[in-house]
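Worksheet for the structure shown next.
Just so it is clear, none of the values below were taken in a lab; they were calculated from the coordinates. None of these values were measured; they are calculated from a predicted model. Every residue, glycine among them, receives a Cβ derived from its backbone with ideal geometry; neighbour counts consider all protein chains shown.
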Amino acid sequence: MIASTRLKGAHLALALACVAAFAACSADEDNSNAGGTAADSTASADTTAADTTVGADAAADDDVASAGPTCEAYCAAVTDACVGADAQYADLAACTTYCKDSAKLPAGAAGEKSGNSIACRTEHAALAVSKGAATHCPHAGPSGGNVCGSWCDNYCHLAATNCAGGDALFADAAACQTACATAANDGEAGAMAGDTLQCRISHLGLAAAGPATHCPHGKIDAAAGSPCGPAAGPKTHEVATSVGEFVFKAADLTIAVGDTVKFILTNNHNAVEVAEATWDANGAAALAGGFTVAFGATKEVVFDAAGTHWFVCEPHASMGMKGKITVK
């Protein structure tokens, strides 16, 4: 009986020991799980932060790439590379104004070496340093030098950009290209005068600030005598007399080489060219080889060389009836 009681006690002690051991194992497992969860959370947070940083960097790179070629970068390059006789702009500010405001140049694709764009001009500014300024600076300049856009591409872009509404030069781009093809393009880039496409491009660049003035200068059929129009033809001037008066009207003319003077004389007056000394002395001796207009005649005299011509009315020279023609 005593032995049986001791055996039961031993079994009870063993059972209690097992319970205690189980409890300890469970606590260790719980602690382990808690530590693992914390570590996993930290790792997850680190990964998320890293992903966010990478994403932000990638977005920043995308923003830089999408910005494309800029007027600032182009103007810095061209004003550094093209100086002295090869300079395309007066200074950095002039370039920036032209690029952004006057021409509103298209950005283009980085690296392109043709087309009317900022990108093309920037490339040729770089080539001006490595390959030669005399060749590439005109390509990097305002007009593109017929490489960064053809002459007509640049002309039509400026016409559409700066001459709109009542100042519009063409109905559409196709009409501009058709008209442009008829214009002479043998002028110098940047020219401000002459019947050439280059002159018209220069004035259309200025039209952003003054369309009423410069858009007409940019017309393909610009008026004769205008900055980019054909040279004005020879002019005809008149010298006339009246019965009872002893003066030439006009008595002092300044004309251009190639101009004509039309003498319209009454019956009591003639016109005879004389030497300067004779004219000063109110003399009437005719100059050998000089022009003569008979009494009462109407006659045109063409002056094809620069110089000064003095003339008098023979019977009335002593009365001071004389005139002068200066040819320039």
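In the structure displayed, which of LYS113/LYS219; LYS100/LYS219; LYS100/LYS328 lie more than 32 Å apart, Cα to Cα?
Values: LYS113/LYS219 29 Å; LYS100/LYS219 23 Å; LYS100/LYS328 43 Å.
From the list (LYS113/LYS219; LYS100/LYS219; LYS100/LYS328), the Cα-Cα distance tops 32 Å for LYS100/LYS328.
Give the shape of region 110-232 as rounded, prolate or oblate, defined through the alpha-carbon gyration tensor: a ≥ b ≥ c are the square roots of its eigenvalues, a/c under 1.5 means rounded, and otherwise the shape is prolate if a/b is larger than b/c and oblate if not.
Prolate, because a/c is 1.5 or more and a/b exceeds b/c.
Name the shape class, rounded, prolate or oblate, that the alpha-carbon gyration tensor gives for region 236-327, where a ≥ b ≥ c are the square roots of its eigenvalues, rounded holds for a/c under 1.5, and otherwise prolate holds if a/b is larger than b/c and oblate otherwise.
On the way: a/c = 1.69, a/b = 1.19, b/c = 1.42.
It comes out oblate by the Cα gyration axes.
Cα-based Rg of region 126-197 per 2.2 N^0.38 Å, rounded to two decimals?
That works out to 1.24 for region 126-197.
Quote the FRET efficiency, to the nearest 0.05, computed for ASN268 versus ALA160 with a Förster distance R0 of 51 Å and r equal to the Cβ-Cβ distance.
For R0 = 51 Å, the calculated efficiency reads 0.20.
Quick one: length gained pulling ALA256 to GLU300 fully straight, 0.36 nm per residue minus the C-alpha distance?
14.3 nm
Taking θ as phi - 60°, what are the ³J(HN,Hα) couplings along region 292-300 by the Karplus curve (6.51, -1.76, 1.60), each to the nearest whole Hz, with x for Gly and Pro?
9, 10, 6, 4, x, 8, 10, 8, 9
For a test of the definition: using alpha carbon positions, the gyration tensor, and the 1.5 limit on a/c, classify region 159-228 as rounded, prolate or oblate.
On the way: a/c = 1.65, a/b = 1.17, b/c = 1.41.
Oblate is the answer for region 159-228, as a/c is 1.5 or above yet b/c matches or exceeds a/b.
Run the simple label-point estimate for LYS104 and ALA175 please: 7 Å along Cα→C-beta, distance reported in nm.
1.9
Please quote Rg/Rh for region 67-149 to two decimal places, taking the Kirkwood radius as Rh and restricting both calculations to Cα atoms.
Values: Rg = 10.8 Å, Rh = 11.9 Å.
Result: Rg/Rh = 0.91.
Can you figure out the FRET efficiency of PHE246 with LYS328, using R₀ = 25 Å and their beta-carbon distance, to the nearest 0.05? Can you show the working numbers first?
Details: r = 28 Å, r/R0 = 1.14.
With a Förster radius of 25 Å, E is 0.30.
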